[in-house]
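Right, one structure below, let's go through it.
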Amino acid sequence: MAKIMVIAGGDWQIELIKKAKKMGHTVICSNLYENSPAFPYADYCEVANVLDKEKNLEIAKKYMPDAVISDQSDIAVPTVAYLNEKLGLKGIGTDLASLFSDKSKQRVFCKEHGISVPDFKLCKSWEEAADFLKQYKKAIIKPIDSQSSRGVFTVSSEDDIKAHYEETLSWSNVRKEFLIEQYVGGDEFTIDGLVVNGKYHPMTISIKEMYKSNPNVSKMQTYSWFNSEYDYDKMREENRKLIETAGIPFGLTHSEYKCENGKFYLIESGARGGGSNLSGKIVPFMSGVDNYEYLIRQALGEKVELPKFNKEYLENHFSIMRFFDFGKGKIKSVVGRDILETNPNMIDFQLEVKPGQILEDLKYGRMRPGHFIIGGTDFELLKKQMNYILNNVKVVFDE
């Protein structure tokens with residue numbers, strides 16, 4: 001069969017590699033660390049920084065893959081596109097990769113094409129950001145091309161900007177600039193989609209609940225096809241306009257919106273699936289469609305047909321992704337793991353905290369101490385199971 005190169009080798013690339021292997025392909029995986037979590041699942045493993053395009057190109061030339069792909073990683077998207085162009089393989093192109101990884105370019109594109117985004121300014125210094133803040137009581141500063149909410153801060157004063165902007169800048173990879181944007185209130189949402197032959201297909205939507213200790217990081221995402229309070233059909237069409245206007249030819253997409261006074265504002269959109277196994281586990285469960293098979297087959301240049309969706313299936317499946325919120329301190333013991341292992345509606349979970357580990361203030365998404373994903377056709381039952389898990393899966397801290 002074919003040789004597939006997967007850029008990035010963290011936890012969230014495991015399902016993609018497993019799928020490629022199940023389809024009979026040979027997998028080469030590159031990542032920064034020798035003990036990368038996804039390496040045991042690949043046939044060949046190479047150590048390289050995801051951001052190092054030339055090193056990854058050197059590896060690719062060594063193996064000559066038939067396709068280069070990744071998922072659930074914003075910073076991998078430009079490298080994947082670069083390798084595909086250099087090797088003459090099927091990809092989305094470096095221009096689109098930049099548009100869907102550089103938040104400043106995406107903001108400008110949206111403004112030009114009538115897609116609602118918060119007011120914003122690209123900055124190199126705290127003074128530029130402070131000048132923008134004069135227009136608003138509250139704003140958000142963020143890197144232009146990071147992930148997992150690294151370097152994202154809510155600011156409401158010049159002192160706030162001074163306190164955080166250097167860390168924000170440190171997470172910008174392609175160039176040392178950062179965004180400040182108008183704070184938009186209201187609830188926040190995710191929408192994941194699949195592009196087949198240039199046509200966008202929405203797969204699932206979630207409404208978020210954020211951590212009280214850090215309102216820029218999601219604590220819970222609830223997935224359903226409809227919501228009685230919000231017009232999900234409108235969001236699906238807004239996202240279709242974005243993806244098809246940009247011209248993504250194929251692959252997975254993950255977008256985030258906020259809704260204020262009935263209006264949806266795009267917060268960001270990536271040319272990859274959602275992290276924490278959203279695209280690897282939740283999307284196929286919620287949609288009934290194997291999105292990874294579509295990604296791999298299209299990357300290989302195979303002819304594929306449009307996915308067939310079952311409306312009754314879509315409307316009667318629900319899922320909850322809930323991240324743990326154990327607090328701070330040095331862990332003495334962890335209890336309740338067996339509850340996660342035996343839950344009949346468990347789709348996936350991650351609980352890697354261990355005795356002796358110190359849990360700190362939550363600065364960005366990758367610091368969350370674990371999560372679980374449950375799914376089924378009875379939403380009320382899922383909520384009861386979630387509460388049972390939260391009440392019984394705990395960590396005990398040293399006094």
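List of remarks:
- Once you divide the Cα radius of gyration of the stretch 298-338 by 2.2 N^0.38 Å, the number left is 2.33.
- The stretch 232-377, accessible surface, carbon-and-sulfur percent (1.4 angstrom probe): 43
- Estimated FRET transfer efficiency (Glu302, Leu51; beta-carbon r; R0 35 Å; 0.05): 0.75
- The convex hull built on the alpha-carbon positions of the stretch 248-399 has an orientation-averaged projected area of 12.1 nm².
- Computed over the alpha-carbon pairs of the stretch 1-126, the distance histogram in 5 Å steps reads 2, 12, 20, 20, 17, 10, 8, 7, 4, 1, 0 percent, short to long.
- Separation of alpha-carbon centers, the stretch 364-381 and the stretch 302-321, rounded to whole Å: 20
- DSSP beta bridge pairing in the chain, given as percent antiparallel to the nearest 5: 85
- Taking every C-alpha pair closer than 8 Å and separated by at least 6 residues, the mean separation divided by the residue count of the chain gives a relative contact order of 13 percent.
- Separation of the Tyr33 and Met210 label points, Cα + 7 Å toward Cβ, nm: 2.8
- Sorted peptide list for 122-128, 314-320, criterion being average Cβ within 10 angstrom, highest first: 314-320, 122-128
- Distance between the modelled labels on Lys138 and Asn310, one decimal in nanometres: 4.3 nm (7 Å Cα→Cβ projection).
- Considering all different alpha carbon pairs of the stretch 147-204, the Kirkwood hydrodynamic radius works out to 14.4 Å.
- Global form of the stretch 21-76, assessed from the alpha-carbon gyration tensor, a/c cut-off 1.5: rounded
- Amide H partners (placed H, <5 Å) of Ser116, local residues excluded: Leu266
- Distance between the 7 Å Cα→Cβ label points at Glu399 and Asp290: 5.5 nm.
- Within-13-Å neighbourhood charge of Lys18 [Cβ basis; K, R +1; D, E -1]: -3
- Percentage of interatomic Cα-Cα distances in the stretch 320-365 larger than 18 Å: 36
- Net charge contributed by nearby residues that have their C-beta within less than 14 Å of Met1 (K/R +1, D/E -1): +1
- Note on the stretch 80-219: semi-axes of the ellipsoid equivalent to its C-alpha gyration tensor, largest first and rounded to whole Å, are 28, 19, 14.
- Put simply, the amide H of Thr204, placed in the peptide plane, has neighbours under 5 Å in Asp192, leaving out anything fewer than 5 places away on its chain.
- Karplus 3J(HN,Hα) series, Hz, for the stretch 312-319 with 6.51 cos²θ - 1.76 cosθ + 1.60 (x for Gly, Pro): 4, 4, 4, 6, 10, 10, 9, 8
- In this structure, the amide hydrogen of Asp348, modeled 1.01 Å from its nitrogen in the peptide plane, lies closer than 5 angstrom to those of Ile373, counting only residues at least 5 positions away or on a different chain.
- Gained length - Met23 relative to His113, 0.36 nm times residue gap less alpha-carbon distance: 28.5 nm
- Taking θ as phi - 60° and the Karplus parameters 6.51, -1.76 and 1.60, the scalar couplings of the stretch 31-45 work out to 7, 5, 10, 5, 9, 4, x, 7, 4, x, 8, 8, 7, 9, 10 Hz in sequence order, x denoting glycine and proline.
- Estimated vicinal HN-Hα couplings, Hz - the stretch 270-275 in sequence order (Karplus 6.51, -1.76, 1.60; Gly, Pro = x): x, 8, 6, x, x, x
- The stretch 220-372 - percent relative contact order, Cα under 8 Å, separation 6 or more: 23
- Cubic angstrom per residue, convex hull over Cα atoms of the stretch 72-160: 114
- Equivalent-ellipsoid semi-axes of the stretch 132-278, from the Cα gyration tensor, Å, largest first: 27, 18, 14
- With all protein chains modelled, accessible area of Arg322 [1.4 Å, Å²]: 30
- For the chain, the solvent-accessible area works out to 44 Å² per residue, with a probe of 1.4 Å and every protein chain left in place.
The values are calculated or read from the model by the stated rules, or taken from the named source; none is laboratory data. Predicted model, so just to flag it, every value in this text is computed and none were measured. Here Cβ is always computed from backbone atoms with ideal geometry, including for glycine, and neighbour counts include all displayed protein chains. Side chains included, ligands, DNA and RNA excluded: accessible areas come from the protein's heavy atoms. Shrake-Rupley method; radii C 1.70, N 1.55, O 1.52, S 1.80 Å.
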